């Protein structure tokens, strides 16, 4: 095995010499060294600015401006009242209790919002950031109470 490794050689054409430009006409890249004749682009130290396409309208300006990130957007973790039916009767339902019970995977930056999907049959005390009107009606119809939650 080691004997074979010592005899490895690069594939033919894999190793190429670095092109030395501006080293005489016989090199193929002598005289102007591939920069054309005179002008700003032929001078030393010249680099095109990022995105410059030779005067053509650059891609960045051809594409439309689209949207923005709204920094005032509220981030609630939503849960339907149907999911609360799995909790024991008389439970105080808040963000921490929902996460501990595995009903939600995360608590949103602005808390938890309870929505009206499904049905609830157990009496619960709900203390969350927001509660929809239909969810509030279903919780109160089941004998529960909603504290806060606008």
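Every read-out reported here was derived from the displayed coordinates using simple, explicitly stated rules and does not represent laboratory data. In this text, all values refer to a predicted model and were calculated from it rather than measured experimentally. A quick note on method: Cβ atoms are made from the backbone with ideal geometry, for glycine too, and the neighbour counts reach across all protein chains shown.
Side notes on the structure shown:
- Simple spin-label estimate for residue 53 and residue 31 gives 3.2 nm between the two label positions (7 Å along the Cα-to-Cβ direction from each Cα).
- Segment 57-119: C-alpha gyration tensor shape, a/c 1.5 cut-off, then a/b vs b/c: prolate
- Each stretch of four or more DSSP H residues adds -39500 (n - 2.57); spread over every residue of the chain, this sum gives -4000 deg cm²/dmol at 222 nm.
- Inter-label distance, nm, simple model (7 Å from Cα along the C-beta direction), residue 105/residue 46: 5.5 nm
- A compact globular protein would have a Cα radius of gyration near 2.2 N^0.38 Å; the ratio found for segment 79-148 is 0.95.
- Our summary gives the chain a relative contact order of 16 percent, counting only alpha carbon pairs under 8 angstrom and 6 or more residues apart.
- Diffusion constant of segment 19-67 at 4 °C, which comes from Stokes-Einstein with the Kirkwood Cα-pair radius and 1.567 mPa s, µm²/s: 96 µm²/s
- Pairwise Cα distances in the chain exceed 29 Å in 60 percent of cases.
- Packing-based exposure ordering (other Cβ within 10 Å, fewest first) of 48, 7: 7, 48
- Packing rank of 124-130, 12-18, 81-87, where each peptide gets the mean count of other beta carbons within 10 Å, highest leading: 124-130, 81-87, 12-18
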